[in-house]
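Trainee: Structure below; questions to follow.
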Amino acid sequence: MKKVVKFGGSSLASAQQFEKVGNIIHADADRKYVVPSAPGKRDSKDTKVTDMLYQCYALAEEGKDFSAVLAKIKERYQGIIDGLKLDLVLDDEFETIKKNFEAKAGDNYAASRGEYLNGIIMANYLGYEFVDPADYIFFTEDGNFDAERTDELLSKKLEGVERAVIPGFYGSLPCGKIKTFSRGGSDITGSIVSKAVKADVYENWTDVSGFLAADPRIVSNPQGIEIITYRELRELSYMGATVLHEDAIFPVRKAGIPINIRNTNAPEDKGTWIVENTCQKPKYVITGIAGKKGFCSINIEKDMMNAEVGFGRKVLEVFEHYGISFEHMPSGIDTLTVFVHQSEFEEKEQKVLSGLHKAVNPDSIDLESDLALIAVVGRGMKSQQGTAASIFLALSQANINIKMIDQGSSELNIIIGVKNSDFEAAIKAIYNIFVTE
Ligand code: ASP
């Protein structure tokens, strides 16, 4: 068995946290490839090292003195080294970083040093080989991840390495310059490494025991999710994004490798398994509920719309032209409604409206803002009668008006549109009708 273990920033914020991580790794000989993030916050008032690096580099770029911030960053690492009683000196590394900051090596380079230095410490602490992703994880010239080249070179490299530490978050461009993924991107590195070594499991260690069936700020003490499919997670992406980077599922999903979300501070918890498929029935009809506020609907009306071939395409072309992605598009016989993110739409609103008038000559266009979308998701919903009825009942009992309903043809999810002000009450009502202890 081969396991890839990725540890998030809060799992590596101090020497004490490193020791917990060391115990987790030593508890299972299959945990052979380790992907660390940069040190995160030690408490709620602390600053993540990645953020300190961005601040430090911003000063360098403005030609200002950045030595005090760099010294603070060095202190964070020195605290870990001293706490672990390691025989490791990072003076030369910091000298190189200082020179590269002065030479304006770029903010991607700057941010990547958080993971790079933590990787050096982790490799030294565990006695594992340090593998620099700058040499094995690649981006194309236009900045997209180069899956093919990475997989080829990284798998070849790791074939010959029994145990390794591969820092998260970065790789390199064809010109050799360092490039990072978006924030939280160490999750993606873990997934890439898992694919490259054909891991049996990708363990993603963080500071929560997996996904919850609803946001705990809305529903008190929600149930944990033991097992969820990749497709369900995609449908719940509003919720998942804070635990796992959305792009992290693609490399492992392709290779059929399950992800296990685990808690560094409670390693005995089983966490959540994210799998391609499962015949394990969920405890309740729904696996989870997630949602988001801040949508706006554009309701287009035109007599005989249904007979006009290409109507939908012309409408969507207008949104495309202004770079606005749409979230949902329910329709009636002579109406078509497009749900978009309010923040994306607002500034282009008048341009879009005049574009729509030109494109499809509608009878009327109505706008409604401050809407929320709620996704009720569960593989248990398939072929199960009464799911929609239960949702409607819950919402009507809570006196909530439904603005929109959309069921995916996979029968995996039902999307409900409500007013922003009804958002929390709607989630609570739906949760309570399905999850009965
Ligand atoms: N350290 C990076 C960040 O703060 C990447 C990561 O932790 O995944 O976004």
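The values are calculated or read from the model by the stated rules, or taken from the named source; none is laboratory data. Just so we're clear, the structure is a prediction, and the values are computed from it rather than from any experiment. Glycine gets a Cβ as well: all are built from the backbone with ideal geometry, and neighbour counts include every protein chain shown. Each accessible area value is taken on the protein alone, full model and side chains, heavy atoms only, with ligands, DNA and RNA left out. Shrake-Rupley method; radii C 1.70, N 1.55, O 1.52, S 1.80 Å.
Trainee: Check the straight Cα-Cα distances from Lys358 and name the aspartates and glutamates below 17 Å, setting aside those fewer than 8 residues away within the same chain.
Mentor: Cα-Cα hits under 17 Å: Glu301, Asp303, Glu308, Glu317, Glu320, Glu349, Asp366.
Trainee: With every protein chain left in place, what is the accessible area of His321 in Å² (1.4 Å probe, nearest 10)?
Mentor: For His321, the solvent-accessible surface is approximately 140 Å².
Trainee: Name the chymotrypsin sites (Phe, Trp or Tyr not before Pro) in the stretch 201-247 that are in a loop by DSSP and that have at most 15 other C-beta atoms within 10 Å, would you? Numbers along the way, then the final one.
Mentor: Values: sites: Tyr202, Trp205, Phe211, Tyr230, Tyr238; in loops: Phe211.
Passing sites in the stretch 201-247 do not exist.
Trainee: List the GluC sites (Glu not before Pro) in the stretch 107-211 that DSSP assigns to loop (not H, G, I, E or B) and whose Cβ has at most 11 other Cβ atoms within 10 Å. Which are they?
Mentor: Listed in order of number, the matching sites are Glu141, Glu162.
Trainee: Name the helices (complete DSSP H segments) of the chain with a Cα length along the long axis of 27 Å or more and a Kyte-Doolittle mean of at least 0.0, or state none.
Mentor: None clear 27 Å together with a mean of 0.0.
Trainee: At a Förster radius of 25 Å, what calculated FRET efficiency corresponds to the Cβ-Cβ distance of Ala398 and Ser237, to the nearest 0.05? Let's see the in-between values first.
Mentor: Values: r = 25 Å, r/R0 = 1.01.
Efficiency at R0 = 25 Å is approximately 0.50.
Trainee: Once you have the Kirkwood Rh of the stretch 105-195 from its Cα pairs, apply Stokes-Einstein at 20 °C and 1.002 mPa s and quote D in µm²/s.
Mentor: 164
Trainee: Over 27 Å between C-alpha atoms is what I'm after, so list which of Lys48/Lys179; Lys20/Lys72; Lys177/Lys293; Lys382/Lys403; Lys41/Lys157; Lys156/Lys270 land there.
Mentor: Over 27 Å Cα-Cα: Lys177/Lys293; Lys41/Lys157; Lys156/Lys270.
Trainee: Further question on the same structure: Go through Tyr125, Tyr431 and list them by solvent-accessible area, largest first, probe radius 1.4 Å. List each step's numbers first, then the result.
Mentor: Working: Tyr125 65, Tyr431 10 Å².
Heavy-atom accessible area, descending, gives Tyr125, Tyr431.
Trainee: Å³ per residue of the Cα convex hull, for the chain?
Mentor: Per-residue hull volume (Cα only) is 175 Å³.
Trainee: Go ahead and collect, in residue order, the members of the stretch 78-119 whose backbone nitrogen is under 14 Å from a label point 7 Å along the Cα-Cβ direction of Cys175.
Mentor: Answer for this model: 104-109.
Trainee: For the stretch 155-274, give the percent of accessible area contributed by carbon and sulfur heavy atoms, probe 1.4 Å, rounded to a whole number. Please list the in-between numbers first.
Mentor: Details: 2310 of 4890 Å².
On the stretch 155-274, the fraction of accessible area on carbon and sulfur atoms equals 47 percent.
Trainee: Using Cα pairs closer than 8 Å and at least 6 residues apart in sequence, work out the relative contact order for the chain, in percent.
Mentor: Reported relative contact order: 13 percent.
Trainee: Please work out the C-alpha center-to-center distance from the stretch 140-208 to the stretch 349-417 and express it in whole Å.
Mentor: First find each Cα centre; the distance between them is then 38 Å.
Trainee: Under a GNM of the chain (C-alpha, springs under 10 Å), which listed residue has the highest mean-square fluctuation: Phe295, Phe139, Phe319?
Mentor: Between Phe295, Phe139, Phe319, it is Phe319 that shows the largest mean-square fluctuation.
Trainee: Could you tell me the convex hull volume per residue, in Å³, taken over the Cα atoms of the stretch 1-101?
Mentor: 114
Trainee: Related question: Using the beta-carbon distance between Arg183 and Val309 and R0 = 60 Å, what value does 1/(1 + (r/R0)^6) give for FRET efficiency, to the nearest 0.05?
Mentor: It comes out at approximately 0.85.
Trainee: Whole number in Å², please: accessible area per residue of the stretch 18-177, 1.4 Å probe, ligands, DNA and RNA not counted.
Mentor: The answer is 48 Å² per residue.
Trainee: Give the peptides 176-188, 325-337 in descending order of average Cβ contacts within 10 Å, highest first.
Mentor: In descending order of packing, they fall as 176-188, 325-337.
Trainee: May I pose another question? With labels modelled as points extended 7 Å from the Cα through the Cβ direction, what inter-label distance (nm, one decimal) is found for Lys382 paired with Tyr54?
Mentor: 4.0
Trainee: Same structure, new question: Can you give me the Rg/Rh ratio for the stretch 161-234, using Cα atoms for both radii and the Kirkwood formula for Rh?
Mentor: 1.07
Trainee: Taking the solvent-accessible surface of protein heavy atoms with a 1.4 Å probe, what is the per residue accessible area of the stretch 289-437 in Å²?
Mentor: Normalised by residue count, the accessible surface of the stretch 289-437 is 50 Å².
Trainee: In a Gaussian network model over the chain where Cα atoms closer than 10 Å are linked, find which of Thr47, Thr189, Thr150 has the largest mean-square fluctuation.
Mentor: Thr47
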